[in-house]
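Read-outs throughout are calculated quantities, based only on the coordinates presented, and are distinct from any laboratory measurement. As the structure is a prediction and not an experimental result, all values here were calculated from the model. FYI the Cβ positions are ideal-geometry reconstructions off the backbone, even for glycines, and counts take in every protein chain you see.
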Amino acid sequence: MRLFWAVLAALAIAIVPGMARAWNVGSGVTPACHERFMGEAYSDSVLDFVPPQFSAPDGEVWRRLSSHLLRTFPIDYEKINAEQRFLLVSLMTGVRAPDTDGHSITNLENLHLLHGDPSPQGQYLHSLRGPDDDYDAGCAAAVAGTRQAILDLVALGQTYVGSDAPIIKVPIFLDFYGRIDIQVHAPAFYMGQAAHALQDTFSHTLRDKHDDYRSIVQVLNYIDAIGSDMQESRDGPAHSNAMDNCDREDMAVLAAYAVLATEELLFAARAQYSGQDPDAVLKVLDKWVTLKPGCNLENDFCNNPEMRELARSNPTRPYLEEIFGCSSARTGGAGTLAILFLLLFTGLRWRWGRRIF
Ligand SMILES: [Zn+2]
């Protein structure tokens, strides 16, 4: 009956906007944006990507996963060695980790805990405003916090470079297998997490069309949007479910830039880890994660009405509104239906226990 619960929860996620946050994580019903960006970035660079000095470990799990990934992405299996395959698995595990922390995408309770982490640092890992990041100063704080989060993750990865034990075990959730531990290359794993935050700067901020979307003009807000006291002029625009969907035509340019920035981050981190350029990652951040100050609701985010409308086309709303449909005629019915499904079957499960489910 596990499959039944997976399908039910996936259904709920699919029709309750706002429960999933960050570029969509692959679940069978949503496009796997982070994984796709990482796969494309790695596909483009893998043959140039000389692995650091280490030997890929023994073990079946990562090898099977790498075979699966290599079937998904256009990389010639024969042309890359075991270390390069191991790096791909490590990067992919890392880029997925901030949204799942090794749990199933269908584990609603865990998803809520991860996504509703009220600490500013918890939000910066997804390039979002912290709860007290208000007005223009808060927008600047969120950009600075996101930059620092990326630098910290790269630095954490660097502590394993050249160490005796660059390979660590982390939890991962695999469909049909459940939660298992998998070996990863620590520097690549943390690089993957840093890439997640960088990729989220393309879905969780409004960017300036006047400089080809290089500058950020506004940072979105998730933690206040799910609460009851959201004020756009103070808290910034609400997190947008529309912008999390990398399959949308109007997100194609930003999605392509997310891949490019990921590729640049991979090379920069390698240059930094090898001692070639200690500021390599900082340069990538200066290119992609900089704020154009003073852009707010009053000046239409420095004359970017298209970005504003895109974000507003499907904003994250308070959980209670989603459940009872107070103000969202478009989504409230579906949200209510999903919650009723969950309550009904949770009740049935409690009553009948494991004999039935
Ligand atoms: Zn995220």
Practice item. For a quick protection proxy, order the peptides 126-138, 73-85 by their average other-Cβ count within 10 Å, most packed first. Key: 126-138, 73-85
Check your understanding: What is the fewest-to-most order of Thr262, Thr93 by other Cβ atoms lying within 10 Å of their Cβ?
Key -> Thr93, Thr262
Revision key, fill the gap. Spelling it out for Thr290: with amide H atoms placed in the peptide plane at 1.01 Å from N, the residues 5 or more places away or on another chain with amide H under 5 Å from its amide H are Ile216
Review point. When you count, for each residue, the other Cβ atoms within 10 Å and take the mean per peptide, how do 253-260, 38-45 rank with the highest first?
Key: 38-45, 253-260
**Study point:** Phi-based couplings in Hz for segment 152-159 (Karplus 6.51, -1.76, 1.60; Gly and Pro marked x)
**Key:** 5, 5, 5, 5, 4, x, 5, 5
Practice item. Could you sort 191-197, 271-277, 150-156 so that the peptide with the highest average Cβ count within 10 Å comes first and the rest follow in order? Key: 191-197, 150-156, 271-277
